[in-house]
1. With each run of n ≥ 4 DSSP H residues scored as -39500 (n - 2.57), what mean residue ellipticity at 222 nm is computed for the chain after dividing by its residue count and rounding to the nearest 500 deg cm²/dmol?
2. How much FRET efficiency would the formula 1/(1 + (r/R0)^6) give for L241 and D7, where r is the Cβ-Cβ distance and R0 is 35 Å, rounded to 0.05?
3. Among bridges DSSP assigns within the chain, what percent are antiparallel (round to 5)?
4. Using the charge dipole of the chain (Lys, Arg: +1 at Cβ; Asp, Glu: -1 at Cβ; taken about the Cα centre), state which of L61, C235, G134 has its Cα farthest towards the positive end.
5. Give me, ordered by chain and number, the residues 5 or more places off R259 or on other chains with an amide H under 5 Å from its own placed amide H.
6. Rounded to a whole number, what % of the accessible area of the chain do carbon and sulfur atoms account for, probe 1.4 Å?
7. Filter the cross-link list K256/K291; K145/K234; K62/K118 down to pairs whose alpha-carbon distance in this structure exceeds 29 Å.
8. Among 168-180, 86-98, how do they line up by average Cβ neighbours within 10 Å per residue, starting with the highest?
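The values are calculated or read from the model by the stated rules, or taken from the named source; none is laboratory data. Every value quoted in this text rests on a predicted model; they were computed, and no experiment measured them. Glycine gets a Cβ as well: all are built from the backbone with ideal geometry, and neighbour counts include every protein chain shown. For accessibility, only protein heavy atoms count, side chains too; no ligands or nucleic acids. Shrake-Rupley method; radii C 1.70, N 1.55, O 1.52, S 1.80 Å.
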Amino acid sequence: MHVFDEDTVAALHAAEVTGRPLLLRGDPGTGKSETARAAAAAAKRPFVSVVIDGRTEPTDLKWRFDAVARLADAQVAKADQPLKNERAYLLPGALWWAYNWKSARERLDEVNSDRNHKLAAPGTPPEKWSPETGRAVLLIDEIDKADPDLPNALLEVLANLGFREPYGGTEVACTEATRPLVIITTNEERELPHAFLRRCLVHRLELPDDREALIGWLVNVGSRHQAALKWPAKCSKKLMLQAAAYVADARDSLAKTGRYLPGTSEFLDMIKVLATTPADMHERRLAQLQKLALHKGGARHR
């Protein structure tokens, strides 16, 4: 589970009301992706996600052509037996599920109708949720890894509230009432197109730069998580301060090295473990956790 801060709640509400995508900026580990998952859980909506990489094409968000299955069918087909239409190998993508869950489900069922190995939907809709009246939450993760053409192409689809299937298919669309809440994250590895930024609401998730402010902020987050999520065991404030101080010191020492900086997620993992550790093992466990959670090495993505 996730505890939202007031500014993030306001940003999510603004995106919901305006229909604009919410772009979450910030370093890795600040909770951008988890914010989208938690928003879907809190609103009891289906959660659909796609992680972008350098090979992702704009059409990949809408559909995927299963070329492997088509090749396999071609190899076993008889000479006098025509191949199935290309549409039989068309799989719904993240945007399709978010825009029209019902038609995406029907498309997947059609593809699975003659397969031994069934392909799965991206998730199960919450109980009592209806695709005719409800909205989904769509997470487009790490869009800064994409070619600059993808963000602009995505905006066109989002503005049109739909797209047409290829191979003579029908229109995949949603209405204003069923428009998904679209949350996009960036680690800011690459500058995003200005036109794309103008069309988004932008919210930054970041940690305080000042050491003492960061320690206090982390302890406050940890205390809120313990209270709101009813952890079976509690971590004392003294232990939280120790864990937070190590995170702050590690961020300071690694800031100029280009390595990954520990953040909120590492801190929460540390205090969860410490909460279940006997008191006489706290110091030893804290030292072990520092190695496990914080010494991640590698280049920091900027």
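1. Numbers: 11 runs with 128 residues, N = 302.
About -13000 deg cm²/dmol.
2. For L241 and D7, the calculated efficiency is 0.90.
3. On the way: 7 of 24 bridges.
For the chain, the DSSP antiparallel bridge percentage is about 30.
4. C235
5. Residues meeting the criterion, in which the H sits 1.01 Å from N, are R300.
6. Numbers: 8260 of 16060 Å².
Here it works out to 51 percent.
7. On the way: K256/K291 20 Å; K145/K234 39 Å; K62/K118 20 Å.
Pairs exceeding 29 Å: K145/K234.
8. Values: 168-180: 14.5, 86-98: 21.8.
Peptide ranking by packing, descending: 86-98, 168-180.
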